[in-house]
Structures are given as structure tokens and as C-alpha cells.
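Chemist: Could you have a look at this structure, given as C-alpha cells, before my questions?
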Amino acid sequence: MKKTEKLGPKGNLISGHLKDFQRDPLQFMQKLAEDYGEIARFKFGPFQDVYLISNPELIKQVLVTKQKNFVKSRDLTILKPIIGEGLLTSEKGHHLKQRRLIQPHFKREHIRSYGEDMIKTTEEYMKSWKEKEERVLSKDMMNITLGIISKTMFNMNLEEGYDVIGPPIETVMKLAVKRMRSLAQLPLWIPTKTNRNYKRAIDELDHVLFSIIENRRSHKGKSEDLLGVLMDAKDDSNGEVMSNQQLRDELMTIFLAGHETTANALSWTFYLLAQHPEVEKKLHREIDSVIGSNPLSPNHYKELTYAQNIISEALRLYPPAYVIGRQVDKTVNIGGIQLNKGDMTLISQYVMHRRREYFDQPDNFIPERFENQFTDTLPPYTYFPFGGGPRVCIGNHFALMEAVLVLVCIARHFKIKLTPSNQTIKAQPLITLRPKGGINVILEKRS
Ligand code: HEM
């Protein structure tokens, strides 16, 4: 039997392929798809079968047409203590009900009203930036997106955003990653040092969020921020509003899902721009012709098409959500193979976005490829940085507008150069795809 006719490689009897996967998930998945094709099987531990699916039509079956046979991956349970029963982790009827309540507020028309806050937050943050200053740009992007989500969600100003919410969020995320990386995840009730710190950080965050919610409930009147909108959202069938606990879970979910992903997208974008001065120059030409000496406004977004293509191409090469996991809930046939309850499927944007059948020079940064509605010419689910089907990212329009506006705000005033010791940066696939070790840059003012 030829290698390609088998479903997957032979792994270790005990650990399966877990160690290889953990060592370098991106390379592992890319090689697996190359060697074994559209559906490849491997193992996490002795019993867990995992299928990597790398064919657009089969991906569509998992995410859309046969999605009822799947639930979200068990991996997400690590995040459950943080985000509870929010949109990202909830299932079936509860998810559907919440999604119906929240979705209207993330529509394109609605998001536009947040554009002003996105620009103001970025401009305020950049005020202290100086010519020739060395900065950790990846940290700046986290701070800016945290500031933007704090402002749009709670109407908090920049300092409040990262003084009040930033520190407990950071601790919680660091500890979640630590737990995720350890092979044996001891249940939270076992009082290890990491578990105790994790629980303490979650309690602190809960305290902050519940006091914001209660404070808002005691002040009558309408608020235009996301918290206000979610508080007023009523279930059409029975007029019910969300409980404090449900509000807390949804806020926490949007907060977490909505800032690190966009921050990474922006960090990778600046990294790629610094390596491609010809693209940066073309971006500057677009900025100068569309905005000129006027203040940047959300209305410019539509016309900034090259900036949009730059973001699309950065999301192709470094998709912040680089893999989507689903667990089989009911036996299902995918590509002629029967998957049983408990089996896992993985779908990797990182793998699909770099397939040479669909993308010319797949490893090169070429924003022009997105001209002329390029994505419409691709089979669905070859380019899908925001996932798809009923669990598609609710914040996709928010994220795209935010990424373009922050990019333009910064590129208008500064050229970003990588520091000499920081020219090549590796991708670190944690919960999201981060630049390993951060991105250190030197700012150069645009004359
Ligand atoms: C570049 C930035 C972003 C990327 C690449 C991204 C990617 C994704 C992906 C791939 C999913 C689907 C996961 C799955 O199917 O298992 C998802 C879900 C989600 N995203 Fe995003 N996201 C981004 C920004 C945002 C923002 C800005 C927000 C909110 C303001 C947000 C909120 C959410 C929520 C709530 C879900 C869960 C939706 C559901 O299951 O109903 N995301 N995101």
C-alpha cells in the first residue's frame, strides 16, 4: 500500500502523535495534509482518534451541512472557567438563542458606529510615540485592541481599560496557556499553585465584571455601548433579558475573543509590511490619496481597499485562529470515512491558506492577490480566517474594520522598522497564533 493510501502515520502506542503535534502543530498539520491528503488520521494519546480535514468540500460538511453531528472541541473546556456559557463555548439551543440575541449588534451597519472609537483610541495611544523610539509593537497592539474593546463594550477610557481589566485578563490568559500546555491538566479543584492562581485571577475578573454590570443596572437610562445593548436585548419569544451571569459570560467571551485575535493580526501585518517596503509605499500612496490632510474617519474605510487587501493577506499567511476543532457527537460519514462519537476533527486555516492548488506563491506576501474579488473565485472554505457556518466569528466585520483603521492610523504617521536582532519571527501557535518573543520595532516618523 502506498503511503498516500493509508489514513495516517503510525504513532507511539501510548502518546500517539501528541508530542509531535505539541512540538510544532503547524508543521505537523502541514506535513500530514501533504502526505495523507484530504482526510488524515492521527492520535492524541492511546484512544483519541483525530482527523485533520483539508478539503474545502469536506470542511464545509463539518462546519455547515453536517454541523449538527458535531459539538465544539473539548480543548475549549480549558477556557470554560473563564468564559462560562458564552457564545464561544455554549452549544445547541442555548447557543442559538444567545446568537440570535447578540448577532444584530454585530451587523456591518451597527459596527460602523464603533469606528470613531477605534480611531480615537489608537490616536490617543500613539500620542506618546517618538521618532527613533524602540517599542514592543506586539504589546502595543494588545493594548490598543484591549482599549478599543473596553471602550466599545463598557465605554471605558483607555487607562481604565488596561488598569482595571488588563491585569486580571493577562494573568488569566497566561495561566490558561500554562494549563493548556501541560500534558496532564489537573482539575481545577486540585489546589496546585497554578490552579490556585488561576482561580484567584478568575475571581478578580468576575469581581470587576459583576461590579460593572451591577453599577450599570443601578443607573437608569440607555447606553449605546455593547453592555447597554446586551442588557436591553430581549428574547422575541418570551421577552426575557439576560441574567447577570449570562451577561458576564458573554462580555467575557467577546472581550477575550475580540482583542488578542485582532492584536495578532495587526502585529503580523506590521511585521510583513516592514519586510516589504514596496507594499508599505503603496499603502502610503493610498492613505495620502484617500485621506490627504483630513482627519481619518470611519467613512474612509470603504475606500481604503489596498489596506483591506493587506489585512486579508496577513490573515491568510498568519491566521490568528489557525485551527478549528470539533468533536463528533453523532456518527457521521465524512469523505467516505465513518467518524464515531468522541472522535475529533481538526480544520486548519494555516494549512488551507498555504495550499498551492489555490494560492499562487503561497508563502509570499502579495496583497494584490485579493484584488478583483479573488475570494469569490476560490472554492468556499479555502480561505476562511473567521471560520464558517452557524459558529462563524460574530466579530468578523468589527475585526476587519478595526484592523484597517488601526493600521491606517499608525501607518499614516510612522514607518515601522524591525530591530536588527528581530528580523525573523516565528509563529507561536498557542490559543491564537502569536509572534514568538514579540515584535520589536523602531519607529520612523513619516515626513
Ligand atoms: C482578526 C480577528 C479575529 C479572528 C481571526 C477571529 C476568528 C474567529 C473564528 C475562526 C471563530 C470560529 C471558531 C469556531 O468555529 O470554533 C470565531 C468565533 C468567535 N469570535 Fe472571532 N475572530 C476575530 C475577532 C473577533 C472579534 C473582534 C470579536 C468580538 C468583538 C470576536 C468574537 C467572536 C465570538 C463571540 C465567537 C464565537 C461565535 C459563536 O460560536 O457563535 N472575534 N472567531
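The values are calculated or read from the model by the stated rules, or taken from the named source; none is laboratory data. Please read these numbers as outputs of a predicted model, since none were measured by experiment. Methodologically, a virtual Cβ is constructed for each residue, glycine included, from the backbone with ideal geometry; neighbour enumeration extends over all protein chains shown. In case anyone asks, the SASA skips ligands and DNA or RNA and just uses the protein heavy atoms, side chains included. Shrake-Rupley method; radii C 1.70, N 1.55, O 1.52, S 1.80 Å.
Chemist: Name the residues in segment 420-432 that are more than 13 Å from the chain's Cα centre (by Cα) and either within 9 Å of the ligand (Cβ to nearest atom) or within 19 Å of residue 278 (Cα to Cα) (or both), would you?
Modeler: Filtering segment 420-432 down to residues more than 13 Å from the chain's Cα centre (by Cα) leaves 420-428.
Result: 423, 424.
Chemist: Looking at (1) open to solvent by less than 30 Å² (accessible area, probe 1.4 Å); (2) of a type in the set (Ser, Thr, Tyr); (3) within 12 Å of the ligand (Cβ to nearest atom), which is the only condition residue 318 fails?
Modeler: Looking at each condition in turn, residue 318 falls short on (1).
Chemist: Okay, moving on. Against the conditions (1) surrounded by 15 or more Cβ atoms within 10 Å (Cβ to Cβ); (2) closer than 18 Å to residue 78 by Cβ; (3) at pLDDT 70 or above, where does residue 155 fall short? Just the number, please.
Modeler: (2)
Chemist: Please work out which one of (1) in contact (Cβ under 8 Å) with a residue 60 or more places away in the chain; (2) open to solvent by less than 20 Å² (accessible area, probe 1.4 Å); (3) charged (D, E, K, R) is the condition residue 313 fails and give its number.
Modeler: Against the list (1) in contact (Cβ under 8 Å) with a residue 60 or more places away in the chain; (2) open to solvent by less than 20 Å² (accessible area, probe 1.4 Å); (3) charged (D, E, K, R), residue 313 comes up short only on (1).
Chemist: Next up: Kindly establish whether residue 67 is touching a Pro at 6+ places or on another chain (Cβ under 9 Å) and under 14 Å from residue 325 (Cα atoms). Before you say what the answer is, go through the steps one by one.
Modeler: Numbers: touching a Pro at 6+ places or on another chain (Cβ under 9 Å): yes; under 14 Å from residue 325 (Cα atoms): yes.
Spelling it out, residue 67 is indeed touching a Pro at 6+ places or on another chain (Cβ under 9 Å) and under 14 Å from residue 325 (Cα atoms).
Chemist: Right, here's the next one. Just to be sure before I move on: is residue 254 under 23 Å from the mean Cα position of the chain (by Cα) and touching a residue at least 60 places away in the same chain (Cβ under 8 Å) in the structure I sent?
Modeler: yes
Chemist: Another question, if that's okay. For segment 211-257, give me the residue count where each residue is modelled with pLDDT of 90 or more, open to solvent by 30 Å² or more (accessible area, probe 1.4 Å) and assigned to a helix (DSSP H, G or I).
Modeler: So the answer is 2.
Chemist: Can you list residue pairs whose Cβ atoms sit under 9 Å apart, with the first residue in segment 378-393 being over 13 Å from residue 319 (Cα atoms) and away from the ligand (no atom under 12 Å from the Cβ) and the second being aromatic (Phe, Trp, Tyr) and open to solvent by less than 30 Å² (accessible area, probe 1.4 Å)? Count only pairs 6 or more apart in sequence or on different chains.
Modeler: The qualifying pairs are 378/359.
Let's see how each residue does on (1) acidic (Asp, Glu); (2) surrounded by 15 or more Cβ atoms within 10 Å (Cβ to Cβ):
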| site | (1), (2) |
| --- | --- |
| 49 | yes, yes |
| 72 | no, yes |
| 79 | no, yes |
| 84 | no, yes |
| 95 | no, yes |
| 103 | no, no |
| 107 | no, no |
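Chemist: Among 405, 400, which is the only one that is buried (at least 20 other Cβ atoms within 10 Å of the Cβ) and touching a Gly at 6+ places or on another chain (Cβ under 7 Å)?
Modeler: Only one candidate passes the filter, namely 405.
Chemist: Before we move on, is residue 391 open to solvent by 40 Å² or more (accessible area, probe 1.4 Å) and at pLDDT 95 or above? Lay out the reasoning, then the answer.
Modeler: Working: open to solvent by 40 Å² or more (accessible area, probe 1.4 Å): yes; at pLDDT 95 or above: yes.
Yes: the conditions hold for residue 391.
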